[in-house]
Each structure stands twice: as structure tokens, then as C-alpha cells.
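Remarks on the structure that follows.
The values are calculated or read from the model by the stated rules, or taken from the named source; none is laboratory data. Predicted model only: the values in this text are computed from it and were never measured. Neighbour counts are summed over all protein chains in view; Cβ atoms, including those assigned to glycine, are modelled from backbone coordinates with ideal geometry. Note: accessible area is taken over every heavy atom of the protein model, side chains too, but ligands, DNA and RNA are not part of it. Shrake-Rupley method; radii C 1.70, N 1.55, O 1.52, S 1.80 Å.
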Amino acid sequence: MNTCSTGWNSSMPTCWDSADMRILHTETLKKWGGQQNRILVEARGLAERGHTVVIACHTGSILAGKARDAGIRVYELAMVKQAHVVNIRKLVRIIRKEGIEIVATHSSVDSWAGGIAAKLSGRKLVRFRHNLYPIGRDPLTRLIYALPNRIVAIGDVIGEALARYGVRPEKISVIRSSVDAEKFEAEGENLRQEIGIPKDALVIGNTSTFTRVKGQEAFLSAFNTICRETPCRLLFAGRLNEESKKKYLPLVESGYRDRVIFLGHRDDIPRVLRTLDIFVYPSLLEGLGTALLEAMAMKRAVVVSDIPTFTNFIRQGENGVLFSHDVPGDLAEKVIGLLRDEGMRRRLGEKARETVKRKFSSGVMIEKTEALYHAVLSG
């Protein structure tokens with residue numbers, strides 16, 4: 001059986017063998033994070049299984065460059081609300097040109113344009129939900145959540161939130177985001193020599209972004225107590241401009257500021273993680289936390305906030321340490337305790353990697369996603 005469509009500039013139909021699936025992912029955000037990583041990992045995995053994956057994303061986004069480097073076909077669009085009408089037309093043409101069967105959307109703006117384009121083209125629509133931000137209850141928002149054939153939650157807590165919102169249970173599929181543990185081997189190069197950190201210095205930090213809900217302000221404030229009790233370095237690897245650095249650095253007392261390192265965005269995350277003794281993730285609102293999973297795969301001891309997303313797979317003192325985000329001083333206390341116990345850090349790291357390999361395998365994620373797409377096409 002063949003699938004046929006007319007190209008952009010031709011009245012002659014182009015046909016494809018339908019043995020493979022043809023999937024279009026749309027993404028709004030220009031930055032890099034767990035959401036964009038999920039799209040790229042899935043695209044690579046499905047392409048390796050013989051399917052055709054195309055990505056339509058924001059002009060100049062990090063995802064666009066990484067996807068092209070991976071051999072994925074990319075279309076860059078101005079993914080902003082003001083361009084909805086133009087983008088809908090462009091996406092319809094992309095769908096027809098590429099013979100797309102399934103459109104998978106990920107953020108608010110692209111879900112409007114991509115969702116409507118899919119319906120106008122008569123294609124199946126899958127909406128991914130990556131976060132726990134409140135969903136509006138106005139008629140237009142309800143419409144955009146009614147359009148998809150299936151909604152994929154990238155974590156268990158997100159699936160529960162969708163059900164509470166009123167999405168029918170049979171429409172929700174939970175497919176956890178994942179980490180390729182083989183890319184995060186504990187042995188290998190770190191950044192200590194490159195950035196001038198002594199081999200025996202203790203280093204804490206994370207690879208998270210600097211949005212309000214990530215809790216980076218609380219971490220920087222806690223560093224004053226941590227460093228006073230147990231001298232160490234604080235390392236961040238997340239996109240941050242100079243103006244924002246001026247906002248965050250004053251949270252640290254002047255005597256400790258030379259111990260804080262802002263690396264900015266890095267593509268060599270395994271090297272960054274090998275530099276850390278403890279990965280601290282103080283997020284207050286998280287769909288899953290890919291950065292955390294990568295650190296666990298790297299056998300790092302982790303200290304994380306006690307929000308439901310993390311308590312779903314972190315067991316206190318077994319594969320990580322939970323701190324009470326609403327108890328002043330608890331973050332600093334938990335980090336100090338781990339800094340002083342190398343044996344505990346090592347034991348937690350081993351169990352953390354075991355957790356990732358058991359619960360967050362990229363192979364399992366790809367298999368479940370492939371099966372979902374087949375089910376949506378045959379439904």
C-alpha cells in the first residue's frame with residue numbers, strides 16, 4: 001500500500017511505501033531542555049527503526065541545529081502566536097510534501113498551528129504534555145486539548161494531572177522520557193583541568209535552566225551555608241546571559257562568589273556531570289526532570305526537592321536524598337551531610353544508575369512510542 005501526496009510546487013503526486021510511518025514533530029521553544037531532548041531522542045530512535053521523521057521548529061532554535069546534525073530533516077518557522085495563520089498554511093504544505101501521517105505537537109504555540117494543520121490535512125494528531133503548568137479552562141484551550149487523537153504524558157504525575165483536568169483516561173498515554181545510559185558512563189573526561197578546579201575539590205551543581213520554577217535562587221542562597229560548613233565549588237551548566245548573572249550572583253555572599261562558576265549552555269553534558277560530586281535539583285515544578293535522570297545515569301549522588309514528581313522514583317537514602325522545599329535550611333543540611341560522606345555518595349550513585357536503567361530506558365521509550373503511533377494510525 002502506498003501513500004501519495006502532491007508536492008509544494010508540483011501537481012504530480014509523490015508516493016511512498018507505507019511500511020514505514022511518516023511523522024512530523026512541531027516545537028515552539030528556541031532553548032534546549034528535556035522537552036527538546038525528548039523530541040530528538042525519539043526522532044533518532046524511530047529513524048533507526050526505518051521510519052521517516054521530520055521536525056518543524058522555531059527559526060534559530062538549538063533543536064534545529066542538533067536535529068540537522070543527526071540527519072533529521074528540519075523546517076524552521078517563526079513559531080509565535082502572531083504567525084498562526086501563516087504557520088498553519090506552511091505546516092499543511094509540509095505535511096503534504098513529506099507525506100506525513102502523524103503530527104506530534106509539544107508546546108502551546110506549535111500545538112495550535114500544528115493541531116489545526118493536522119486536522120485540515122486529515123492526519124492523525126498526538127499532543128505531548130511535558131510539564132505541570134496549569135491548563136486553562138477557557139473554551140479555546142479546551143478545544144486544543146480535544147483535537148488530538150491521543151495525549152502523551154512524559155511522566156506519571158503529568159498523566160494524573162491530565163485526568164484531573166478532564167481528559168478521558170483512554171485518551172491519555174504515559175510514556176516516560178528517558179536517558180540513554182550508555183552515553184553517561186562515569187569513567188571518562190571531566191572539566192576540572194579545563195576550568196581550573198583542583199582534583200580533590202568538592203563540587204556541587206546542576207545542568208538545569210534558570211527559570212523561576214527550577215529553584216536556582218534557593219540553591220544559590222543555600223550555598224552560603226553549605227560553603228561555610230564544607231568548602232566546595234558551585235557549578236551551573238545552563239543557558240544564562242550576562243544580565244541574568246548579575247541578578248543571581250548577589251544571592252551569594254561576596255566571600256564565596258569566586259567559587260561559583262556559570263558555564264552557560266554546554267553540549268558536553270557527560271563531562272560536566274563527571275565534574276560534580278553531588279547533583280542538586282531544587283525544582284519546585286517538574287514534569288519529569290531529564291537533567292536529573294542524566295545525573296543519575298552518571299552515578300552522581302543527587303539531592304532533590306520532595307515534590308511528587310521526584311518522590312515517584314527517588315527513595316530517601318536509597319537512590320537519592322530528598323529535601324523539604326518548604327523547610328528553611330533543609331537543602332543546605334542535606335547537601336552538607338552528603339559532602340561529608342563519600343561512601344554514601346558512591347552507594348547512592350550506584351543505585352541511581354540502576355533506577356535509570358530499569359525505569360527510564362530510551363529503548364523502552366522508543367518501543368512504546370512506536371507502538372502508540374501504530375495504534376493511532378490503525379484506530
Exercise. Kindly indicate which of VAL126, VAL103, VAL92 is open to solvent by less than 60 Å² (accessible area, probe 1.4 Å) and assigned to a helix (DSSP H, G or I).
Key: VAL92
Practice problem: Look at GLY71 and say whether it is over 24 Å from ALA153 (Cα atoms), part of a loop (DSSP other than H, G, I, E, B) and of a type outside the set (D, E, K, R). | Solution: yes
Quiz item: Can we say ALA295 is surrounded by 14 or more Cβ atoms within 10 Å (Cβ to Cβ), under 17 Å from the mean Cα position of the chain (by Cα) and either β-branched (Val, Ile, Thr) or at pLDDT 95 or above (or both)?
Solution: yes
Quiz item: Would you pick out the residues in the stretch 164-222 that are in contact with an Asp or Glu (Cβ under 8 Å, 6 or more places away or on another chain), charged (D, E, K, R) and over 30 Å from LEU147 (Cβ atoms)?
Solution: none
Quiz prompt | Candidates LEU322, LEU377, filtered to the one that is surrounded by 18 or more Cβ atoms within 10 Å (Cβ to Cβ), of a type outside the set (Val, Ile, Thr) and touching a strand residue (DSSP E or B) at 6+ places or on another chain (Cβ under 8 Å) | solution = LEU322
Exercise. Give the residue, chosen from THR26, THR14, that is within 17 Å of ARG123 (Cβ to Cβ), assigned to a strand (DSSP E or B), among the polar types (S, T, N, Q) and modelled with pLDDT of 95 or more.
Key: THR26
Quiz item: Any idea which residue in the stretch 232-284 is nearest to the chain's Cα centre (by Cα), counting only those that are among the hydroxyl-bearing types (Ser, Thr, Tyr) and more than 27 Å from LEU132 (Cβ to Cβ)?
Solution: THR275
Quiz item: Can you tell me which residues in the stretch 171-183 are modelled with pLDDT of 95 or more and not basic (Lys, Arg)?
Solution: ILE172, SER173, VAL174, ILE175
Practice problem: Please enumerate the residues belonging to the stretch 326-365 that are within 30 Å of LEU24 (Cα to Cα), open to solvent by 10 Å² or more (accessible area, probe 1.4 Å) and either of a type in the set (Ser, Thr, Tyr) or in contact with a Gly (Cβ under 9 Å, 6 or more places away or on another chain) (or both). | Solution: SER361, SER362, GLY363
Quiz prompt | the stretch 347-376, residues that are of a type outside the set (D, E, K, R), in contact with an Asp or Glu (Cβ under 8 Å, 6 or more places away or on another chain) and within 22 Å of ARG300 (Cβ to Cβ) | solution = LEU348, SER362, MET365
Quiz item: Quick one: LEU143 ticks every box in (1) of a type outside the set (Ser, Thr, Tyr); (2) under 19 Å from ALA83 (Cα atoms); (3) surrounded by fewer than 17 Cβ atoms within 10 Å (Cβ to Cβ) bar one, so which box is it?
Solution: (2)
Practice problem: Inspect the stretch 143-151 for any residue being free of Cβ contacts under 8 Å to residues at least 40 places away in the same chain and within 21 Å of GLU294 (Cα to Cα) and give the result as yes or no. | Solution: no
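For (1) modelled with pLDDT of 95 or more; (2) open to solvent by less than 10 Å² (accessible area, probe 1.4 Å); (3) closer than 20 Å to ASN37 by Cβ, each residue gets a yes or a no:
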residue	(1), (2), (3)
PHE210	no, no, yes
VAL213	no, no, yes
THR225	yes, no, no
THR230	yes, no, no
LYS245	no, no, no
Self-check item: Residue that is most open to solvent (accessible area, probe 1.4 Å) [pool: residues in the stretch 53-67 that are closer than 12 Å to VAL41 by Cβ and in a helix (DSSP H, G or I)]
Solution: LYS66
